[in-house]
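In what follows, a structure is listed as structure tokens, so that the remarks can point back to it.
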Amino acid sequence: MNDSGHRYFVIHKPFEMVSQFISPDKVRLLGDLDFDFPEGTHAIGRLDNHSEGLLILTTNKKVTKLLFQGEVPHKRTYLVMVKGVVTPEELLQLQTGITIVIAGGADYVTTPCHAAIVEKPAGLFHRPQAYRELLPHTWLEITLTEGKFHQVRKMVMAIGHRCQRLIRTSIEDLELGDLAPGHIREIEEHLFFELLKIKYSANITA
């Protein structure tokens, strides 16, 4: 048992599952996973229905403020498959900042970020519609320190490439690793905060 009494989980959110336990819509929910989560468990951050990968769940309501509202932004890395062949010029646009449309219809120039063309990782879990890999495509690794709504999808669309698969692989040093879709791994409190590079204080209010 952790000193605070809270519990911390990493899950591999599957494709076509929302990042919540309750919804008015007929969708797959986190509660559909084969795991008995303790009362008060909630997701930290979101992955949309069509995105996959690393999602944090915890009973500790203070984590959202610590992770996303602190003075130091935290890195989130994504593996992205896009339609078509990304050119060096287009990659440079992602790296140096590109204009996307955010809430309210305003233009927003993204912060310079890490973006690289990569090979498809060995052992990547199968997903429906994998037939798209028979057509020209590019795998990218993108690391952001900001999180506008659908930012990765909007960024690759801005350079003329539709996102076909989006997998969050890490938040700081907390990595998805070989965790299979739909599987859960519980993490000890001290390691959870160490890997996320945040300092926990019981004095921080939720």
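Hey, what D do you get for region 60-155 in µm²/s if you plug the Kirkwood alpha-carbon radius into Stokes-Einstein at 20 °C and 1.002 mPa s?
Values: Rh = 15.3 Å.
Using the Kirkwood radius from Cα pairs, D works out to 140 µm²/s.
On each of the three principal axes of the Cα atoms of region 14-67, give max minus min coordinate, whole Å, ordered largest first.
Cα extents, longest axis first: 30, 22, 20 Å.
Compute the projected area of the convex hull of the Cα atoms of region 91-206, averaged over all viewing directions, and report it in nm² to one decimal place. Intermediate results must be reported in sequence, preceding the final value.
On the way: hull surface 40.0 nm².
Value for region 91-206: 10.0 nm².
Assuming R0 = 41 Å, what is the FRET efficiency of residue 133 and residue 4, from their Cβ-Cβ distance, to the nearest 0.05? Walk me through the intermediate numbers first.
Numbers: r = 44 Å, r/R0 = 1.08.
In this case the efficiency is close to 0.40.
Determine the per residue accessible area of the chain with all protein chains present and a 1.4 angstrom probe, expressed in square angstrom.
On the way: 11260 Å² over 206 residues.
I get 55 Å² per residue for this part.
Under 17 Å from the Cα of residue 120, which aspartates and glutamates turn up, not counting those fewer than eight places away in the same chain?
52, 133, 141, 178
Measure up 26/61; 148/199; 154/197; 62/83; 62/148 against 31 Å on the Cα-Cα distance and list the ones that go over. Display every interim value, and only then the final one.
Working: 26/61 27 Å; 148/199 24 Å; 154/197 28 Å; 62/83 39 Å; 62/148 21 Å.
Those over the limit are 62/83.
Rounded to the nearest 20 debye, what is the charge dipole size of the chain about its Cα centre when +1 sits on each Lys and Arg Cβ and -1 on each Asp and Glu Cβ?
On the way: 23 positive and 25 negative charges, 114 e Å.
Value, rounded to 20: 540 debye.
So for region 86-206, taking the charge dipole from beta-carbon charges (+1 Lys/Arg, -1 Asp/Glu), which of 109, 136, 187 sits furthest toward the positive end?
136
Could you give the dipole magnitude of region 2-111 about its Cα centre, charging the beta-carbon of Lys and Arg +1 and that of Asp and Glu -1, in debye to the nearest 20? Working shown, then result.
Numbers: 11 positive and 13 negative charges, 46 e Å.
I would put it at about 220 debye.
Once you put a point 7 Å from the Cα of residue 180 and another 7 Å from the Cα of residue 107, both along the Cβ direction, what distance in nm separates them?
4.9
Of the labelled options (1) 20.0, 70; (2) 16.7, 58; (3) 17.5, 53, which one gives Rg and Dmax of the Cα atoms in Å as computed for this structure?
Computed from the coordinates, Rg and Dmax of the Cα atoms in Å corresponds to (3).
Accessible area of region 50-206 with a 1.4 Å probe: how many percent of it is carbon plus sulfur? Each step should come with its number before you reach the end.
Values: 4670 of 8390 Å².
Within region 50-206, the accessible surface is 56 percent carbon and sulfur.
For residue 27 and residue 122 in the same chain, what is the full-extension length gain: residue separation times 0.36 nm, less their Cα-Cα distance, in nm? Write down the numbers at each step before the final one.
Values: separation 95, 0.36 × 95 = 34.20 nm, distance 3.02 nm.
Gain in length upon complete extension: 31.2 nm.
Please compute one quarter of the surface area of the Cα convex hull for region 31-98 and express it in square nanometres. Don't jump to the answer; show the numbers that get you there.
Working: hull surface 28.2 nm².
In nm², the orientation-averaged hull projection of region 31-98 is 7.0.
Which whole number of Å³ per residue matches the convex hull of the alpha-carbon atoms in region 11-132? Can you show the working numbers first?
Working: hull volume 21.3 nm³, N = 122.
That works out to 175 Å³ per residue.
The values are calculated or read from the model by the stated rules, or taken from the named source; none is laboratory data. What you see is a predicted model; the values in this text were computed from it and never measured. Here Cβ is always computed from backbone atoms with ideal geometry, including for glycine, and neighbour counts include all displayed protein chains. Areas reflect the complete protein model, heavy atoms only, side chains present, ligands, DNA and RNA absent. Shrake-Rupley method; radii C 1.70, N 1.55, O 1.52, S 1.80 Å.
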